[in-house]
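What follows is a short report on a single structure.
The values are calculated or read from the model by the stated rules, or taken from the named source; none is laboratory data. Source: prediction; values computed, not measured. Here the Cβ positions follow ideal geometry from the backbone for every residue, glycine too, while neighbour counts run over all protein chains shown.
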Amino acid sequence: MAPKSIAGRLALMFAIATTLVSVLAGVAIFGFQSLELRRHQAEELNARMEIIDAMIRHAGDPKRWPMLGDKLESFTPANGGVRYRVDCPDARFRFAPDDALARARDGVDLIHFDGRRYMTLTRRVPPYLERPEVRLVIAADTAPFDASRKVLGVGVLAVSLVTIALVSLLGWWVARKGLAPVDRLSQRARALNPNDLGLRMPTQNLPTELVGLMTAFNGALDRLQDAYERLASFNADVAHELRTPLGNLIGQTQVALSRPRDTGELEEVLHSNLEELDRLRCIINDMLFMARADQGALAANLEPVSLAGLTHKTADFLDVLFEDAGVRLEVVGDGMVAADASLLGRAVTNLLDNAIRHGVDCKTVRVTIEPQDGKVCLGVRNRGGPIPEAHLARLFDRFYRLDRAREHSHDVHGLGLAVVKAIVTMHGGTVFARCEDGEVLIGFVLPGGTVASGEPQEPTVRRIEPVQA
């Protein structure tokens, strides 16, 4: 089983790599030296052959041959390390103390006899005078060379084993030193406290390979802190939003029960309670809807929808609000999208309602619809006060109100734009909010991009006069 420690793994990989290199190098060295030893032995045999060949080549008188045999005998060491044999059809020119050498083949050969292995060199010497052609064999014991090869093999093996051990230890030490920053980061990570979400991992004095990791990790901590703070704020906002209607229900009921009431008074209390209950129902329904969107639910019942037509239909539903605010609606452009008409109508309703309620000296709410690169952008523009960039990014958060004076409003509960974002997300789109030249532009972008008709779209204006007192 591979070690779980990174340092151990690196040391193991160093050991494996060193083993492979050592084996390859050892085999190469051993093979090369073996060939060199064999070549050296062959050269020694060849040198002896040249000497003996010169002696035999000019020995054609049988009377001189016994003296030549004595010389060959003297050249043969007592331990039998070198042996000679001369074969000839004429017995007068023969020197054959060892019959085993007769098996040697011409040229270089290896034979075994007397429990030894010999390298042989065989050459034929042409006839001279009375001497016919002879076959000269010289044999040298390979034991000294085999011993040298054995010593070399043991040495290479020992050096390889020591090298592998040293490299493994050094590899482990180097890996531990190289991974020391990881240990320090681990200690710093253990110091992270859920009660202090502002702590971050250091990115200074780190190896380049760890800087990116720590930057990404700190980014994850930033997102986690932001999500935790949003959740804490969300829980507080939910409690606050539910506390107000519940408090109203309890207070009104307690007042009603404080003394006997007639039927009219009880009906008035019940109507008031019903309004608060309806407000609670709206909050709960919106929360459940956004929970579905957060879980990745997608819009169903998709059909081609004209955004301009949907906007006009929504404006009909909001006629009373437009009349009370004395605001007119302009719709410019059109585009077709595949959407759930009821859900998308709710999103447009919330955008228009938000523009009417939060406009400052606003006489016109302008809705622009335009295809953009395979998508359709719908923006609702109204005149309003400047909104800081930090607030723009949070307009679509749940229960977020830019104007804190509206916190106790019974008309809204801070989920309008959050619902818009949830609906748009379910349709695979995105939302946006910008401030431009004293105007606020809030809207969404959906996949689509087909203009409802082939003709350019002129602005359609709903002129709604304010209600006269």
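Condition first: of a type in the set (S, T, N, Q) and under 30 Å from Pro202 (Cβ atoms). Can you find one or more residues in the stretch 171-186 that meet it? Yes, some residue in the stretch 171-186 is of a type in the set (S, T, N, Q) and under 30 Å from Pro202 (Cβ atoms).
Scanning the stretch 339-369 for residues that are surrounded by fewer than 19 Cβ atoms within 10 Å (Cβ to Cβ), closer than 24 Å to Val305 by Cα and either in contact with a strand residue (DSSP E or B) (Cβ under 6 Å, 6 or more places away or on another chain) or of a type in the set (Phe, Trp, Tyr) (or both) gives Ala341, Thr368.
For the stretch 271-298, the set of residues classified as among the acidic types (Asp, Glu) and in a loop (DSSP other than H, G, I, E, B) is empty. Can you tell me how many residues in the stretch 95-104 are touching a strand residue (DSSP E or B) at 6+ places or on another chain (Cβ under 7 Å) and farther than 19 Å from Arg48 by Cβ? Number satisfying all stated conditions: 1.
Scanning the stretch 441-469 for residues that are modelled with pLDDT under 90, part of a strand (DSSP E or B) and of a type in the set (A, V, I, L, M, F, W, C) turns up just one, Val461. For the stretch 221-233, state whether one or more residues are within 30 Å of His271 (Cα to Cα), polar (S, T, N, Q) and in contact (Cβ under 8 Å) with a residue 24 or more places away in the chain. Looking for residues that are within 30 Å of His271 (Cα to Cα), polar (S, T, N, Q) and in contact (Cβ under 8 Å) with a residue 24 or more places away in the chain, one finds none in the stretch 221-233, hence no. Considering each of Asp361, Asp353, Asp334 in turn, give the residue that is part of a helix (DSSP H, G or I) and either over 43 Å from the mean Cα position of the chain (by Cα) or of a type in the set (Asp, Glu) (or both). After ruling out the rest, the residue left standing is Asp353. Here Arg394, Arg346 are screened, and the one residue that is part of a helix (DSSP H, G or I) and among the charged types (D, E, K, R) is Arg346.
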